[in-house]
Amino acid sequence: MVLFFQLVVDGLASGAIYASLALALVLIFRATRIVNFGQGEMATFSAYCAWQLCEWGVPMMLSFLVAGVLAFLLGIGVFRLVIRPVSTAPVEAVVVATLGLFVVFQALSLWLWGSDQRAFPSMFPNVGWDIRGVRLTASAAGMIAVLICLAALTGVVFRFTRLGLAMRASAYDGEKSLLVGIPVERMLMLGWGFAAAIGFVAALLVGPRLFLSPTMMMPILLYALASATLGGWDSPLGAMIGGLIVGVAESLGATFLPFIGADLRVVIPILVTLVVLLVRPVGLFGTRTVVKL
Amino acid sequence: MSTQLLRFAPAALVAALLGLPLFVPDFLLFEISIAVSYGIAILGLNLLLGFTGQICLAQGALFGVGAYTTAILNVSFGWDPVATLPFAAISAGLIGVIIGLPALRLQGLQLAIITFGVASAFPQLLLKMDTLTGGVTGLATDQPFAPKWFPGSQEAWLYGLSLICAAISIVVVTRLLRGDTGRMMRALRDNPVIAEALGVNLTKGRLAAFAVSSALAGLGGGLFCILNGFISPQSFLPMKSIDILIGGIVGGITSIAGAFIGALFVVFVPGFTTDINPALGGLIYGLCLIGMMMIARQGIAGLRMEKLPAAILGVFKFKSSSRFPGAVPGQLGGE
Amino acid sequence: MTMLKIQGLSAGYGAADVLHSVDFTVEQGTIVALLGANGAGKTTILRALSGLVPARGTIHFRGKDVSRCNAAQRVALGLAHIPQGRGTFGDFTVEENLAAGAFTVTDRRQIAQDMERWYAAFPRLAERRRQQAGSLSGGEQQMLALARALMSRPKLLMCDEPSLGLAPAITQEIFEIFKTLNREHDMTLLIVEQNADLTLQFADTAYVLESGSFTVSGAAAELLGNEAVQQSYLGV
Ligand SMILES: Nc1ncnc2c1ncn2[C@@H]1O[C@H](COP(=O)(O)OP(=O)(O)OP(=O)(O)O)[C@@H](O)[C@H]1O
Ligand SMILES: [Mg+2]
């Protein structure tokens, strides 16, 4: 039983990572109907910027903040320079363009910082507590806390602010939003910016666990895609809960299902997602079917 | 005049392809043959995505299934490599049908992600079954040697083999696309509900499309194994499936020629860009992809020379080039 | 004063033009009706005016050339457009719809006041503040669309087929509201309608559109019962 709870705690911690990246993906998808395959690599790039600032002697929290702002601007820049020009193209072309973003940002990180793994500073102290035999580290607790903050923040922004209302309206129907005077493109652009910043938060959580490397987000992206599909592509809350489910399922499955074990753990999110989709084709919290690619 | 030219174009193309070994060096011929093996897998994806509207991001894994079938039959059972090719296609086709089962319920983005999960698990699975697959060390296969009477090099002989495989695939696909089957497939893509009402068996149609597409991937994979002479799980990482998708779209997903153009693109362009600047190769390649999609939205095969200047200029015309806001027909997951 | 002055307006979707160089004016404080058969291009005129479809020609709104303004800027200048099919956000609550309508207003006090004012005017909306707009009845949705448009404090209100899908009694009610807005709040209205008889009773001026050009125009009272108007409805 202790092992079970230990695995759940560990799973929730990694789930928090999947959930944050999934949240970023879903925010972009809701607004622009695009899956940004480059999201993870953009986040890695921003994490490298944060690391570089730390290396230059900037205090850790300040460099995270600055890099967060840079990530936001990066999201906006990508929207203006890449997404907007291809936005009228057929969907396949948009997919290749976001795959292009993936390639570009991975190459950029590799070029600027090389392929060596770097130790990435952690936001959380290196302590832990024993609760009836289950070990809860500050970093696990911190990751879950960060996710809860993200959830609360997006919830508040979308529910209660003018900007959030305008962004929701733009995502719901661009033309109707224009008719009430909402500058839709600017809202979509901001959406890309926010999503990039949220993706950066995910990278901040990954960094200390895995070391920083240009490819560190690649495995995470699959989990995040599965989480978003599991939760429903039009539901930010669903994406976050999906992320936690995937995290816990992965951690339990890798230990308790002997034929899967640690090396095949990558099939777990896919299996869980598949089962959920077969029961509920729109995902747990989705409302609309995602039909065409 | 121009129609007459068109009539001779295919013959000229065949002549050019056959004559290629006379003009290009062997190492290039080898790379072209590799590209042809990818092209066959891309052709399968085009059939699936372009003509029946379903997506499979496990095409790289199916390519691997074909490659391992060839390798195992050769290494463990001593078959002649070329004789294994039909079995590479069949085994991949069977597995493709299993992968296609979720496609009966799922579509688009969801199917893409589930199949991509298969692609991600594939290398791990190969490692796990190391008694059969040789694990990390991989498998080295025999190469079919050119017979004595053949005047050209070993590479030219393999190139010929690739062309034969490609020709067979093209014949299969064109025959499928013609006539009733083709109409059924397009109906599946354009409107499954109406297709069903017209008496098309959706289940059978979708699974058949998956089977053929996967079999082509398997054939391509088997050929790849023969050409390369060695395979390991490293050759079938999930990115391979993504490369095949990129090749398909860049070439043009509703075009047979596009499949091979796309294959040449994914085989040669990353190499070229690395030659331009080793450190920045990936960056240039990524920018190429993005730029391509701004200019050739239907893929290279859909590009019309006379429209090219307008397309290039169009990239810089930001006003009114945006689809937001307004109707978003058929976007990723439009309802 | 002239509220809206349009000269040589042409617009279309892609290859062929739907509107062929139309001219018309809307005077301040009047109700103007745009009549025409299905597919005549009425909706296209409104969409061109609010900047949803690209158009050629000049559009002067309250003396200012707005041809180069984008849709959001035109709303901020006081041009409100209730599109065909209401254009409410189905997923949002009634209150959120009104809040979205006030996007161009920055004064929070004014927003709160306006909201209460229109709730008082449309008690049925007040009762359903927290209800999703998509679940309202057709008449309620039209009222919501109207209230939402009014939240932006428009100078000119354009309404596309308000009677669409509504019972005659409700349509009558909506038109009465238009009349009240016009009389008591000095609102200028541009109304697109198929229901010519009813609209002409309420309007001051009317234009009849046929295949993208005006065929008949004049004082509404004179056009009531006019044969040319009837004809344009029976089709060419
Ligand atoms: N989005 C569009 N794309 C292409 N053509 C369009 C589009 N919208 C309208 N049209 C065409 O423009 C013409 C005028 O349409 P419009 O909607 O302005 O007519 P309308 O007078 O409002 O008709 P109704 O009374 O039926 O609403 C029609 O022939 C229509 O087919
Ligand atoms: Mg209309």
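The values are calculated or read from the model by the stated rules, or taken from the named source; none is laboratory data. In this text the structure is predicted, and so the values were computed from the model without any measurement. Backbone-built Cβ (ideal geometry, glycine too); neighbour counts: all protein chains shown. Side chains included, ligands, DNA and RNA excluded: accessible areas come from the protein's heavy atoms. Shrake-Rupley method; radii C 1.70, N 1.55, O 1.52, S 1.80 Å.
Of the cross-linked pairs B:128/B:148; C:5/C:179; B:204/B:240; A:176/B:240, those separated by over 32 Å at the C-alpha level are B:128/B:148; A:176/B:240. Only protein heavy atoms count here; on that basis, with a 1.4 Å probe, residue A:130 has an accessible area of about 110 Å². Secondary-structure-derived ellipticity at 222 nm for chain A, considering helices only, amounts to -24000 deg cm²/dmol, per-run term -39500 (n - 2.57) for DSSP H runs with n ≥ 4.
Between B:108, B:281, B:44, the residue with the greatest mean-square fluctuation in the GNM of chain B (Cα pairs under 10 Å linked by springs) is B:281. If a/c stays under 1.5 just call it rounded; otherwise compare a/b with b/c (prolate if a/b is bigger, oblate if not). Do that for segment B:209-252, with a ≥ b ≥ c from the square roots of the Cα gyration tensor eigenvalues. Verdict is oblate for segment B:209-252.
Screening chain A for DSSP H helices whose Cα atoms reach 27 Å or more along their own axis and whose mean Kyte hydropathy is at least 1.0 gives A:2-32, A:91-113, A:138-160, A:184-210, A:236-256. Estimated from helices alone, the mean residue ellipticity of chain C at 222 nm is -11000 deg cm²/dmol (sum of -39500 (n - 2.57) over DSSP H runs with n ≥ 4, per residue). Using heavy atoms of the protein chains and a probe of 1.4 Å, the accessible area assigned to residue B:237 is about 70 Å². Quick one: go through segment A:170-212 and flag any residue whose amide nitrogen is under 11 Å from the point 7 Å out along the Cα-to-Cβ line of residue A:117. Counting backbone N atoms under 11 Å from the label point, the list is A:209-212. Counting only DSSP H runs of at least 4 residues, each contributing -39500 (n - 2.57), and dividing by the residue count of chain B, the helix-based mean residue ellipticity at 222 nm comes to -23500 deg cm²/dmol. Rounded to the nearest 20 debye, the dipole size of segment A:19-216 about its Cα centre is 460 debye, using +1 on the Cβ of Lys and Arg and -1 on the Cβ of Asp and Glu. Can you give the translational diffusion coefficient of segment A:19-216 in µm²/s, computed by Stokes-Einstein from the Kirkwood radius over Cα pairs at 20 °C and 1.002 mPa s? Taking Rh from Cα pairs, D becomes 121 µm²/s.
Model label sites at residue B:137 and residue A:279, defined 7 Å from Cα along the beta-carbon direction, differ in position by 4.5 nm. Among the residues of B:101-113, the average count of other protein chain beta-carbon atoms within 10 Å of the residue beta-carbon is 6.
A Förster distance of 30 Å, applied to the separation of the beta-carbon atoms of residue A:129 and residue A:62, puts the FRET efficiency at 0.55.
With the charge dipole of chain B set up from +1 on Lys and Arg Cβ and -1 on Asp and Glu Cβ about the Cα centre, the Cα lying farthest toward the positive end among the listed residues B:299, B:166, B:91 is that of B:299.
Relative to the Cα centre, the charge distribution of the protein assembly as shown, modelled as +1 at Lys and Arg Cβ and -1 at Asp and Glu Cβ, gives a dipole magnitude of about 360 debye.
Taking all Cα pairs closer than 8 Å and separated by 6 or more residues, the relative contact order of chain A comes to 34 percent. May I ask you to derive the relative contact order of segment B:24-279, considering only C-alpha pairs under 8 Å and at least 6 residues apart, and to give it as an integer percent? Relative contact order of segment B:24-279: 43 percent. The peptide list B:290-299, C:130-139, put in order of mean Cβ contacts within 10 Å with the highest first, becomes B:290-299, C:130-139. Note on A:255-264: average number of Cβ atoms from other chains within 10 Å of each residue's Cβ is 2.
Annotation for residue C:222 and residue C:58: the two label points, set 7 Å from Cα along the Cα-Cβ direction, are 2.7 nm apart. Legend: helices of chain B (whole DSSP H runs) are marked when their alpha-carbon atoms reach 27 angstrom or more along the helix axis and their mean Kyte-Doolittle hydropathy is at least -1.0; marked are B:2-23, B:26-46, B:81-100, B:108-128, B:154-177, B:202-228, B:256-276.
Across segment C:89-153, the mean sequence separation of Cα contacts (distance under 8 Å, 6 or more residues apart), normalised by length, yields a relative contact order of 56 percent. Neighbouring Cβ atoms from other chains, within 10 Å of the Cβ of residues in C:71-77, number 5 on average. Of all segments of chain B bounded by chymotrypsin sites (Phe, Trp or Tyr not before Pro) found in a DSSP loop with no more than 12 other C-beta atoms within 10 Å, the longest spans B:150-317.
Lys/Arg Cβ at +1, Asp/Glu Cβ at -1, dipole of the protein assembly as shown taken about the Cα centre: which of B:121, A:112, C:225 is farthest positive-ward? Positive-end residue among those listed: A:112.
Relative to the dominant Cα principal axis of chain C, helix C:138-150 is inclined by about 90°.
Label segment C:89-153 by shape, choosing from rounded, prolate and oblate, from the square roots a ≥ b ≥ c of the eigenvalues of the Cα gyration tensor; if a/c is under 1.5 it is rounded, and otherwise prolate applies when a/b is larger than b/c, oblate when it is not. Prolate is the answer for segment C:89-153, as a/c is 1.5 or above and a/b outweighs b/c. By a 1.4 Å probe calculation restricted to protein chains, residue B:128 has an accessible surface near 80 Å², given to the nearest 10.
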